[in-house]
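Below: the structure, in structure tokens.
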Amino acid sequence: MKAEEASVWEESRQNGRRQFVLRKGVVAWGIPMLLMTCFMYPPTSALGFAAMVLWWIFVSAIYGAVIWYFQEKAFAKFSGRHDLH
């Protein structure tokens with residue numbers, strides 16, 4: 001992680017993990033994936049659509065949490081070697 005990336009990450013992490021997972025995972029990744037999936041494989045029923053929505057919420061929340069974990073790990077490694085101030 002470079003100093004510029006650490007600065008950006010420091011700002012992102014101030015909003016908290018839950019907000020990050022919601023924004024970067026569910027909204028920025030999950031919703032586009034849901035729309036693409038619906039376009040490529042249109043659900044044939046309301047239950048199918050609901051299942052698809054729940055699936056992408058679940059998967060994108062995991063995706064956001066994994067991104068948060070690796071960013072935190074990189075940030076800890078960076079901040080252990082460099083002073084941000």
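The values are calculated or read from the model by the stated rules, or taken from the named source; none is laboratory data. Remember, predicted model here, so these are calculated numbers, not experimental data. Here the Cβ positions follow ideal geometry from the backbone for every residue, glycine too, while neighbour counts run over all protein chains shown. Just so you know, the surface numbers come from the protein's heavy atoms only, side chains and all, with ligands and any DNA or RNA stripped out. Shrake-Rupley method; radii C 1.70, N 1.55, O 1.52, S 1.80 Å.
Averaged per residue, the chain has 76 square angstrom of accessible surface, using a 1.4 angstrom probe with ligands and nucleic acids left out. Computed per residue of the chain from DSSP H runs no shorter than four, each worth -39500 (n - 2.57), the mean residue ellipticity at 222 nm is -23500 deg cm²/dmol.
Charge tally around Tyr63: other residues with Cβ under 13 Å, Lys/Arg +1 each, Asp/Glu -1 each, net +2.
By accessible area, using a 1.4 Å probe on protein heavy atoms only, the chain has 64% of its surface on carbon and sulfur. Overall, the chain carries a charge dipole of about 160 debye about its Cα centre when +1 sits on the Cβ of Lys and Arg and -1 on the Cβ of Asp and Glu, all other atoms neutral. Along the axis of the charge dipole computed for the chain (Cβ charges of +1 for Lys and Arg, -1 for Asp and Glu, origin at the Cα centre), the listed residues Ala51, Trp68, Tyr41 are led at the positive end by Ala51.
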